[in-house]
Amino acid sequence: MNYITEINKLKREKNAVILAHSYQNIEIDTVADFVGDSLYLSRQAAKTDADMIIFAGVYFMAQTAKILSPEKKVILPNAKAGCDMADMINLEQLRAFKNKYLGIPVVCYINSTAEVKSECDICCTSSNAVQIVKSLNTNKVLFVPDKNLGRYVEKELKNVEVITYPGYCPVHEINTTNDIKATKALYPGAKILVHPECREEVIDMADYTGSTSGIMDYVKNSSDKEFIIVTESGVIDRLKRDYPNKHFYSINNKPLICQSMKLLSIEDIYNALKYEEAEIKVDDAVAKKAVKCINNMLGVNNG
């Protein structure tokens, strides 16, 4: 069976759209309608007129698409595709965190469940976190669940205290300054591009810090030819494909892999379209509150 041909046929028949995160296996790009990071895909989920969304990503992303498009059927091709960071905070833990700091606005990273979003004031992504916190015009915010992104925001803004919940992304947290130094020693002419989910001391060593799309744009616009990419391996795969005349290196020449993101295959996409299983549903009361949190973010970004 030619899965690509069959997927494209089913997409037309069912008026479906496929959204794929940049950490996915690169083969999925061949059938995806949109490929990018969380903010970009959130916007596409809100704008699409499809009847069905196949989200090649992880659970919280598919939830966000459902919240923004409640009338559409949203399918996550593999129900086991979760997010370790999102799982580090639940509703009870969030409420306990908020109760320690009453009256302070709460910013939640988009890498969080619908339930967590429903109890926060505004959402953010790695590409707009600084802008979102700045838009609140306050000198103190709570930030969940990523401590590293929160610290990055605080350092960028300088005049805002960012009180972080102790969550993190295991893929980015494992990188150390020694890893950076060792890789830089191998490729001394390479620029170091780092995701803000990395540790503060790793970010301090970067030539550029940004989201997946930010890193890709930096490479696109740079005259440099060598880059050390400190984020998930899917980004390096796409950079190598898109810029064959440039060179990209992973930390210690070992790819950083998010196992959940790599669960999906072309066959999974086909099965999701054909059988429409693993449909994502969000409780109406939760969705009603969570959509305000997400729309507050989209309103700032579109403003």
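The values are calculated or read from the model by the stated rules, or taken from the named source; none is laboratory data. Predicted model, so just to flag it, every value in this text is computed and none were measured. Cβ atoms come from the backbone with ideal geometry, glycine included; neighbour counts cover every protein chain shown.
If we keep just the residues of the range 44-77 that are under 17 Å from the mean Cα position of the chain (by Cα) and of a type in the set (S, T, N, Q), which is surrounded by the most Cβ atoms within 10 Å (Cβ to Cβ)?
Just the residues of the range 44-77 that are under 17 Å from the mean Cα position of the chain (by Cα), to begin with: 44-46, 54-68, 76.
Pick out the ones that are also of a type in the set (S, T, N, Q) and you get 44, 63-64.
Values: Gln44: 19, Gln63: 25, Thr64: 29.
That would be Thr64.
Among the residues making up the range 251-265, those that are crowded, with 18+ Cβ neighbours inside 10 Å and farther than 14 Å from Val58 by Cβ are Ile251, Leu256. The set of residues from the range 16-38 being of a type in the set (A, V, I, L, M) and assigned to a helix (DSSP H, G or I) comprises Ile26, Ile28.
Scan the range 22-38 for residues that are more than 13 Å from Arg238 (Cα to Cα) and under 11 Å from the mean Cα position of the chain (by Cα) and the total you get is 1. Go through the range 211-250 and give me each residue that's crowded, with 21+ Cβ neighbours inside 10 Å, in contact with a strand residue (DSSP E or B) (Cβ under 7 Å, 6 or more places away or on another chain) and either modelled with pLDDT under 95 or part of a strand (DSSP E or B) (or both). Selection gives Phe227, Ile228, Ile229, Val230.
One residue alone among Leu157, Leu136, Leu193, Leu149 is surrounded by 22 or more Cβ atoms within 10 Å (Cβ to Cβ) and not assigned by TED's automatic domain parsing to the domain that holds Ser233, and that residue is Leu149. Taking the conditions (1) under 21 Å from the mean Cα position of the chain (by Cα); (2) among the polar types (S, T, N, Q); (3) more than 30 Å from Glu13 (Cβ to Cβ) in turn, Ser260 satisfies each one other than (3).
Being out of contact with any Cys (no Cβ under 9 Å at 6 or more places or on another chain) and of a type outside the set (Gly, Ala, Ser) is the filter; apply it to the range 114-129 and report the residue that is surrounded by the most Cβ atoms within 10 Å (Cβ to Cβ). Don't jump to the end; show me each part of the working.
Kept after step one, since they are out of contact with any Cys (no Cβ under 9 Å at 6 or more places or on another chain), are these residues of the range 114-129: 114-115, 125-129.
When the remaining residues are screened for being of a type outside the set (Gly, Ala, Ser), the result is 115, 125, 128.
On the way: Glu115: 18, Thr125: 23, Asn128: 20.
Filtering the range 114-129 for residues that are out of contact with any Cys (no Cβ under 9 Å at 6 or more places or on another chain) and of a type outside the set (Gly, Ala, Ser), the one surrounded by the most Cβ atoms within 10 Å (Cβ to Cβ) comes out as Thr125.
For the range 28-43, which residues satisfy the criterion of being farther than 23 Å from Lys281 by Cβ and surrounded by fewer than 16 Cβ atoms within 10 Å (Cβ to Cβ)? Residue satisfying the conditions is Thr30 alone. Just one of (1) within 13 Å of the chain's Cα centre (by Cα); (2) outside any helix (DSSP H, G or I) fails for Leu41. It is (2). Listed here are the strands (runs of 3 or more DSSP E) enclosed by the range 105-201 that have at least 1 residues being free of Cβ contacts under 8 Å to residues at least 60 places away in the same chain: 106-109, 140-144, 161-164, 191-194.
Just give me the residues in the range 272-282 being surrounded by fewer than 18 Cβ atoms within 10 Å (Cβ to Cβ) and touching a residue at least 24 places away in the same chain (Cβ under 8 Å), in sequence order. Within the range 272-282, Lys274, Glu276, Glu277, Glu279, Lys281 qualify.
Does Glu13 fit the bill of being surrounded by fewer than 19 Cβ atoms within 10 Å (Cβ to Cβ), touching a residue at least 24 places away in the same chain (Cβ under 8 Å) and in a helix (DSSP H, G or I)? No; evaluated as a whole, the condition is false for this residue.
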